[in-house]
Amino acid sequence: MPELPEVETYVRDLTPLLHNRTVTGVTVFWPRIIALPTVDEFIQAMIGQRFTSFGRRGKYMLLGLASGDTLIVHLRMTGRVTVYAQPVVADKHTHVVLDLADGGQIHYQDSRKFGRLWLVANTTTVLHKLGEEPFAAAFDVDYFAAKVAGRTSPIKALLLDQAVVAGVGNIYADESLFRAGIHPTRASNSLTREELTRLHSAIQSVLGQAIDRHGSSLGHSSIQNYTRPGGEAGEFQGEHKVFQRTGKPCMHCGQPIERIVVTQRSTHFCSTCQR
DNA sequence: ATAAGGCCCTGACCGC
DNA sequence: TGCGGTCAGGGCCTTA
């Protein structure tokens, strides 16, 4: 599942592959993938566009175009973007193909069809509800404490709320809570200032380390498993302390890692180390 | 205002 | 070998 570190890796890998390349044709096989504007408008507006800048906000990729518009891509669960040097036959999971002026192609593939593309003049149209970026100066302990204040839902649910902090998903929520020593079902407003400080720090350090290791590649299927745009696996799965380690010994205390469901999401933790 | 549940999708997995 | 049923999961929407 692409979360912040995986999306950041994607953007960094795509930058040299797409910089200054121009779109000359667009084919949409599954119209629902195009969130904005209409499919016909998307096709017309993308033709002739040149990629000029590359960024990320939360789990959204921001591909800036010479016109000033931005192509926003959210991979959700199973989205992939692959850049080919020559035209390639679209497979059953390819939903959008962009032809490039030099004969190359960009394929958007997504077995679950949850991902979306937007073409917008102003990115706030799509991003306005997001909370702070985890590495922004504005994401300090005071901001975090203010967002948590008065919230009774489990702290795990707050970490997954993109309006609190942008980019944390199921993997990095569990890993952050373990590193901070906090039980995932704790009521958010029961955390002390010291615990919030530990959790804030854990979020930044886990995400930073995961970016350095190009994200986490998990699962068994080549379709479901996240890989970088060039097909390489990430390396951070080897650093996971709890995520998908149910029944295995805690690396800190040796007790088996437990799995529960918190707000409809599988949650992994050590009941000895996390209180 | 927050919180909880449904929805979109389909590959993987399980039991028979 | 095949079939039906269940599950996972991000973010948005609806309902309480």
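Given the options A:163, A:145, name the one that is hydrophobic (A, V, I, L, M, F, W, C), assigned to a loop (DSSP other than H, G, I, E, B) and assigned by TED's automatic domain parsing to the domain that holds residue A:244.
Going through A:163, A:145 in turn, the sole match is A:163.
Any residue at all in region A:168-184 that's of a type in the set (S, T, N, Q) and closer than 27 Å to residue A:9 by Cα?
Yes, some residue in region A:168-184 is of a type in the set (S, T, N, Q) and closer than 27 Å to residue A:9 by Cα.
Could you check residue A:56 against (1) within 16 Å of DNA strand C (Cβ to nearest atom); (2) more than 22 Å from residue A:5 (Cβ to Cβ); (3) out of contact with any His (no Cβ under 9 Å at 6 or more places or on another chain) and say which number it fails?
(2)
Which of the residues that make up region A:105-123 are within 16 Å of DNA strand C (Cβ to nearest atom) and not aromatic (Phe, Trp, Tyr)?
Matches in region A:105-123: A:109, A:110, A:111, A:112, A:113, A:115, A:116, A:117, A:119, A:120, A:122, A:123.
Collect the residues in region A:245-258 that are within 15 Å of DNA strand C (Cβ to nearest atom) and over 19 Å from residue A:180 (Cβ atoms), keeping them in residue-number order.
Matches in region A:245-258: A:246, A:247.
Could you check region A:144-170 and list, in sequence order, the residues that are away from DNA strand B (no atom under 13 Å from the Cβ) and under 26 Å from residue A:216 (Cβ atoms)?
Listed by number, the residues that qualify are A:144, A:165, A:166, A:167, A:168, A:169, A:170.
I'm told residue A:137 meets every condition in (1) more than 10 Å from DNA strand B (Cβ to nearest atom); (2) in contact (Cβ under 8 Å) with a residue 60 or more places away in the chain except one. Can you identify the failing condition by its number?
Of the numbered conditions (1) more than 10 Å from DNA strand B (Cβ to nearest atom); (2) in contact (Cβ under 8 Å) with a residue 60 or more places away in the chain, the odd one out for residue A:137 is (2).
Each row is one residue, and each column tells you yes or no for (1) free of Cβ contacts under 8 Å to residues at least 24 places away in the same chain; (2) within 16 Å of DNA strand C (Cβ to nearest atom).
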{"position": "A:1", "(1), (2)": "no, yes"}
{"position": "A:6", "(1), (2)": "no, yes"}
{"position": "A:9", "(1), (2)": "no, yes"}
{"position": "A:13", "(1), (2)": "no, no"}
{"position": "A:39", "(1), (2)": "yes, no"}
{"position": "A:43", "(1), (2)": "yes, no"}
{"position": "A:46", "(1), (2)": "no, no"}
{"position": "A:52", "(1), (2)": "no, no"}
{"position": "A:72", "(1), (2)": "no, yes"}
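Could you say which residue among A:245, A:275 is among the basic types (Lys, Arg) and in the same structural domain as residue A:159 (by TED's automatic domain parsing)?
Being among the basic types (Lys, Arg) and in the same structural domain as residue A:159 (by TED's automatic domain parsing) holds for just one of A:245, A:275, which is A:245.
If we keep just the residues of region A:74-104 that are outside any loop (DSSP other than H, G, I, E, B) and of a type in the set (D, E, K, R), which is nearest to DNA strand C (Cβ to nearest atom)?
A:80
Which one of these does residue A:275 not meet: (1) surrounded by fewer than 14 Cβ atoms within 10 Å (Cβ to Cβ); (2) in a helix (DSSP H, G or I)?
(2)
Tally up the residues in region A:140-177 that are of a type in the set (Asp, Glu) and touching a residue at least 40 places away in the same chain (Cβ under 8 Å), please.
Restricting attention to region A:140-177, the residues satisfying the condition of being of a type in the set (Asp, Glu) are A:140, A:142, A:161, A:174-175.
Adding the requirement that they be touching a residue at least 40 places away in the same chain (Cβ under 8 Å) leaves A:140, A:174-175.
Counting residues in region A:140-177 that are of a type in the set (Asp, Glu) and touching a residue at least 40 places away in the same chain (Cβ under 8 Å) gives 3.
Yes/no matrix, rows are residues, columns are (1) at pLDDT below 95; (2) closer than 26 Å to residue A:106 by Cα:
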| position | (1), (2) |
| --- | --- |
| A:212 | no, yes |
| A:223 | yes, yes |
| A:227 | yes, yes |
| A:230 | yes, yes |
| A:235 | yes, yes |
| A:244 | yes, no |
| A:249 | yes, no |
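Is it true that residue A:63 is part of a helix (DSSP H, G or I) and more than 16 Å from DNA strand C (Cβ to nearest atom)?
Considered against the rule, which asks whether it is part of a helix (DSSP H, G or I) and more than 16 Å from DNA strand C (Cβ to nearest atom), residue A:63 comes out as no.
Please enumerate the residues belonging to region A:166-183 that are among the small types (Gly, Ala, Ser) and in a helix (DSSP H, G or I). Let's see the steps before the verdict.
So in region A:166-183, the residues among the small types (Gly, Ala, Ser) come out as A:166-167, A:169, A:173, A:176, A:180-181.
A:173, A:176, A:180 - these are the residues of region A:166-183 that are among the small types (Gly, Ala, Ser) and in a helix (DSSP H, G or I).
Can you name the residue in region A:88-121 that is over 19 Å from the mean Cα position of the chain (by Cα) and free of Cβ contacts under 8 Å to residues at least 40 places away in the same chain and is also farthest from DNA strand B (Cβ to nearest atom) among such residues?
A:103
Would you confirm, using the coordinates I've provided, whether residue A:42 is in contact with a helix residue (DSSP H, G or I) (Cβ under 8 Å, 6 or more places away or on another chain), under 14 Å from residue A:98 (Cα atoms) and not aliphatic (A, V, I, L, M)?
no
The values are calculated or read from the model by the stated rules, or taken from the named source; none is laboratory data. Note that this is a predicted model, so its numbers are computed, not measured. Methodologically, a virtual Cβ is constructed for each residue, glycine included, from the backbone with ideal geometry; neighbour enumeration extends over all protein chains shown.
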